[in-house]
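One structure below.
The values are calculated or read from the model by the stated rules, or taken from the named source; none is laboratory data. Since we're looking at a predicted model, the values are computed, not measured. Here Cβ is always computed from backbone atoms with ideal geometry, including for glycine, and neighbour counts include all displayed protein chains. Note: areas computed on protein heavy atoms with side chains; ligands, DNA, RNA excluded. Shrake-Rupley method; radii C 1.70, N 1.55, O 1.52, S 1.80 Å.
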Amino acid sequence: LRAMFLGYGNVGKALRKMIKERGEKTGLNVKIEAVVNRSGIMLEDSDNFIKNKEGGPIDALNMTNPDVIIDVSSANYESGEPSLSLYREALSRGIHVVTANKAPLALRYGEIMDLAKKHSASVGFQATVMSGTPSINLLRLMRGLKIVKIRGILNGTTNYILTRMHQGLEYDQALKEAQALGYAETNPEHDVNGFDAAAKLTILTNFAMGLNLSIKDVVFSGIENIRKSSLKGKKVKLIAYSEGRFAKVSPEEITKEDPLYNVEGVMNALDIHSDIQEVVIMGPGAGPQNAAFGLFSDIVLITKGLI
Ligand code: 80F
C-alpha cells in the first residue's frame, strides 16, 4: 500500500513508528511515498520532516499517485481545507482515505461518503471518534441492528480536566497537563468548549443512524466555566447524546448508577442503544499512540477489503 501523509505532527509520527514496528507482523506492507505539511512536501520516508519539494497536497498527490491518503493534519472547521479538496480529488480517482482529522467529515459527511461509494474507494475514520478504542469500527460489527440512541464521553482532554479537578487540581493546571500529554487539539479551545465532542458526535451519529448531519446541527456547550470550587465533590462529565436527528453535547452531573460514572481521566466511553441490545465500550479517547492505532486498524481493514 503506497501512502501519502497529510500532516506530520504527534499522531503522524506515532503512526509512522507503528507501521515500522508492527506493520510487517500484521501482514501490512505500507510504503510512505510523501509527507505534506504546512511548509511543503517531503518525497521521502524519514523520521524528521525535511522539505524537498515545493507545493501543496494536490501537487503531492499528482507526484506520487498513492493508494491511500492518511490525513493527520489539524482540524480546520471553517472550510475543512486543505483536506476536503484533497479527499475530493483522491476519492474521485479511487484512492482510499484514512483520517484522524474530524473537520471534513463533521462538515461534509454525506458528500464524502457518496463520492467514495461512487468510485469504489474506502474511507477509514475510526481515529476521528475515541482514537484507537473501537467506536466506528465497533459499529461496523453491529450492522443489521437499528441504533436508536447514543450516549458517551467523547473528548479525552475535557474528561481528563474534569477528573483532575475532582481530585483537587485547578482548571488551568489540569489543562496544561492534558496539553503536555498530547491529548489536546492544536487549538485547545475546541476541546474545552465542546466543539471537538460535537464533531465526534456528528460523525458517529451519521454513521450509526445513516444520517447526514453537519456539526452545525449539534447543540453544544463546554466546560470552560466549570471551576474546582463549583464542583463541590459532584461528578460532572461532558456528555454527548444523540437520538435520531437530535444531537447535543453538554456538561452534566451524573450519578453512581450511570455506566459512564467510572470513566476517568483520558478514558472515553460509548453507550450504544439498539433495537435488540445495549453495548457499552470504554477505552482511551486521546493520545498520539492511541489515535495512531485507530488509523492503523483502518489500514488493516482496508488491506483486507473489510471497509
Ligand atoms: P499536531 O498539531 O501535532 O500536527 C498537525 C500537523 O498538521 C502538523 O504537521 C501541521 O504541519 C499539519 N498541518 C496543519 N495544517 C496544515 C495545512 N493546511 N496543510 C498541510 N499540513 C497542515 O496535531 P496531532 O495531535 O498530530 O493531531 C493530528 C490530527 O489528529 C488532528 O486533526 C487531531 O484532531 C486528530 N486527533 C488527535 C488526537 C490526539 O489525541 C485524537 C484523535 C484525533 O479527545 C481529545 O482530547 C482530542 N483532542 C484528541 S482526539 N492527539
What translational diffusion coefficient, in µm²/s and rounded to a whole number, does the Stokes-Einstein relation yield for region 51-91 at 20 °C and a viscosity of 1.002 mPa s, taking the hydrodynamic radius as the Kirkwood radius over Cα pairs? 194
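Ignoring ligands, DNA and RNA, what accessible area per residue does region 165-307 give at 1.4 Å, in Å²?
Spelled out: the 1.4 Å probe surface of region 165-307, per residue, equals 46 Å².
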Among H119, L15, F5 - extreme Cα towards positive end, dipole of region 1-136, charges at beta-carbon: L15
What is the sum of charges, Lys and Arg at +1 and Asp and Glu at -1, for the other residues whose Cβ falls under 11 Å from the Cβ of A103? -3
Suppose the Debye formula is applied to equal point scatterers at every Cα of region 106-179; what is log10 I(q)/I(0) at q = 0.20, 0.23, 0.26 Å⁻¹? -0.98, -1.10, -1.21
What are the ³J(HN,Hα) values, in whole Hz, obtained from phi via the Karplus relation 6.51 cos²θ - 1.76 cosθ + 1.60 with θ = phi - 60°, for each residue of region 280-291 in sequence order, with x given for Gly and Pro? 10, 10, 9, x, x, x, 7, x, x, 5, 5, 5
Inter-probe distance in nm under a simple model that places probes 7 Å from Cα toward Cβ, at R143 and E111: 2.7
Starting from the 7 Å offset along Cα-to-Cβ, what nm value, one decimal, do you get for the label separation of H119 and E21? 3.4
Using all Cα-Cα distances in the chain, what percent lands in each 10 angstrom bin from 0 up to the longest? 6, 29, 35, 22, 8, 1
If one builds a Gaussian network model of the chain from Cα atoms under 10 Å apart, the most fluctuating residue listed among N48, N65, N193 is N48
Treating the beta-carbon of each Lys and Arg as +1 and of each Asp and Glu as -1, no other charges, what is the dipole magnitude of the chain about its Cα centre, to the nearest 20 debye? 440
For region 1-150, how big is the tail of P(r) above 19 Å, as a whole percent of Cα pairs? 54
Here the percent of antiparallel bridges among DSSP beta bridges lying wholly in the chain, to the nearest 5, is 60
Kindly flag which residue pairs out of K235/K256; K20/K102; K25/K51; K13/K237 have an alpha-carbon separation exceeding 21 Å in this structure. K20/K102; K25/K51; K13/K237
Which distance in Å, rounded to a whole number, links the C-alpha centroids of region 47-83 and region 181-235? 27
Report the dimensions of region 138-284 along its three principal axes from the alpha-carbon atoms, largest first, rounded to Å. 45, 32, 24
Share of the chain's accessible area from carbon and sulfur, percent, 1.4 Å? 48
Estimated FRET transfer efficiency (D59, S250; beta-carbon r; R0 35 Å; 0.05): 0.25
Can you work out ³J(HN,Hα) from phi for every residue in region 185-198, in order, using Karplus 6.51 cos²θ - 1.76 cosθ + 1.60 and θ = phi - 60°, giving whole Hz and x for Gly and Pro? 5, 3, 9, x, 3, 5, 6, 6, 8, x, 5, 4, 5, 5
State the answer as a single residue: which of V249, I223, M142 lies farthest towards the positive end of the charge dipole of region 138-284, with beta carbon charges of +1 for Lys and Arg and -1 for Asp and Glu, about the Cα centre. M142
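Figure the gain on full extension for N29 and E44 (residue separation times 0.36 nm, minus the Cα-Cα span) and round it to one decimal in nm.
On the way: separation 15, 0.36 × 15 = 5.40 nm, distance 1.62 nm.
Separation in residues times 0.36 nm, less the Cα-Cα distance, equals 3.8 nm.
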Expressed in nm to one decimal, what extension gain is obtained for the pair S229 and E81 from 0.36 nm per residue of sequence separation less their Cα-Cα distance? 49.3 nm
Roughly speaking, what is the stretch gain from L1 to N212, that is 0.36 nm per residue apart minus the C-alpha to C-alpha distance, in nm to one decimal? 72.9 nm
Cα-only radius of gyration and Dmax that characterise region 210-270, units Å: 13.4, 42
Can you give the FRET efficiency for E257 and D172, using 1/(1 + (r/R0)^6), R0 = 45 Å, r = Cβ-Cβ distance, to the nearest 0.05? 0.90
Heads up, I need the accessible area for K17: 1.4 angstrom probe, whole protein in place, Å², nearest 10. 120
Can you tell me the Rg and Dmax of region 229-307, counting just the alpha carbons, in angstroms? 16.0, 52
Relative contact order %, region 138-284, counting alpha carbon pairs below 8 Å whose residues are six or more apart: 35
Which value, in Å² and to the nearest 10, is the accessible area of I215 when all protein chains are kept and the probe is 1.4 Å? 10
